[in-house]
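Values in this text are rule-based calculations from the coordinates and carry no lab data. This one's a predicted model, so the numbers in the text were calculated from it and none came from an experiment. Using ideal geometry, Cβ is built from the backbone for each residue, glycine included, and neighbour counts are taken over all protein chains shown.
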Amino acid sequence: MKTAVVILNWNGQALLQKFLPSVIRYTPSAEVVVADNASTDDSLEWLAANYPEVTCIPMEVNRGYAGGYNEALSKIEADTIVLLNSDIEVTPNWLEPLTTHLNENPMVSICQPKIRSYKEKSSFEFAGAAGGMIDFLGYPFCRGRIFNTVEIDSGQYDSEQDIFWASGACMVIRKKVFEELDGFDHNFFAHMEEIDLCWRALNSGHEIKYIPRSTVYHLGGATLDKSNPKKTYLNFRNNLSMIYKNLPGSHLIPVIGLRLILDGIAGIKFLLEGHPADTSAVIRAHFHFYGRVLSRKIKRGINVSSLPKVVHKKSILLEYYVLGRKKFSDLKK
């Protein structure tokens, strides 16, 4: 089965110079592709001069993470696709455990490796850690990272596990499943599009796995820093959109109502902490979301009667901020 490792690049020549060598060195069995999202730096010229064996897909318009990958993957012939951030350092034998698991388990359509921090090698990384989870109100978190608390990797998540979402920093997916799901929602542009995709996959009967035998290191924050108000806006807007698209109908109104209150509290918290731009971002995200719902620009997905089994049935906000459960292992208590 053919595998393609696809790196989406936007003005990331410096990142390609730093991280592409490890991908080339430790990925001998797969085609390596750089999909360029209309960069204005010298990324393509540098690639052609230094790595002519790498397949390049230049795109005329920057469509963000979601639209960029949709366009790139439509031009790639492969059975298995690896979506790999340009700021990922891979390790020896990183790919084989992931592709082997998909080959041997037909019900599993998406998986991710263990994702550690490039800056602090012993710690999990914010975006993915040991597999993505979500609570019944739509708040995502990870095994190994809940909100801003990131755990040291001491082997506590060294077993394969069903997860709710695989990180877009390093996601392995069957191409036919990506196509059946119509790819990423391009309206997301960036942030949480992989969670929306995984939710749609779960609602369609697919399984998603965390494979700890594979490890990669993620720099993180290379495109938008987590403190950037634009990132706040995209996260809140896209989170509401994926809830609307994927929740069972009986859950929708209660959850959206609760989120209006809780996101309002988050906006007040931003303001009290001296971040009025983030408060404005939360307000704009809600108005944009409600406008798109009323104009029917957001479509509901498959009509399901219940939440996927891997959803955390309690409020992660309550457990983290009130009960002080800062680690994933604490949630079972």
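Here are some notes:
- Under a Gaussian network description of the chain, with springs only between Cα atoms under 10 Å, the residue in ARG145, ARG296, ARG237 that fluctuates furthest is ARG296.
- Full extension of the chain between HIS275 and LYS119 yields a length gain of 53.5 nm, computed as 0.36 nm times the residue separation minus the alpha carbon distance.
- With contacts taken as Cα pairs under 8 Å at a separation of at least 6 residues, region 229-307 carries a relative contact order of 51 percent.
- For Rg and Dmax of the Cα atoms in Å, calculated from these coordinates, the label among [x] 26.3, 104; [y] 19.2, 56; [z] 19.7, 62: [y]
- Gaussian network model of the chain, Cα within-10 Å springs - most flexible of GLY274, GLY183, GLY264: GLY274
- Exceeding the 26 Å Cα-Cα cut-off - candidates LYS75/LYS230; LYS121/LYS314; LYS119/LYS231; LYS176/LYS209; LYS209/LYS269: LYS75/LYS230; LYS121/LYS314; LYS209/LYS269
- Three-way shape call for region 229-307 based on the alpha-carbon gyration tensor, with the a/c threshold at 1.5: prolate
- When only Cα pairs below 8 angstrom with a gap of at least 6 residues are kept, the chain shows a relative contact order of 19 percent.
- MRE, 222 nm, helices only [DSSP H, n ≥ 4, -39500 (n - 2.57), over the chain, to nearest 500]: -11500 deg cm²/dmol
- GNM result for the chain, Cα springs below 10 Å: residue of PRO113, PRO140, PRO21 fluctuating most strongly: PRO21
- Each peptide in 279-290, 146-157, 63-74 was scored by the mean count of other Cβ atoms within 10 Å over its residues; highest first, the order is 63-74, 279-290, 146-157.
- Between helix 276-294 and the chain: long-axis angle, C-alpha atoms, 0 to 90°, nearest 10: 90 degrees
- Order of PHE184, PHE189, PHE178 - criterion: other Cβ atoms within 10 Å of each residue's Cβ, fewest first: PHE189, PHE178, PHE184
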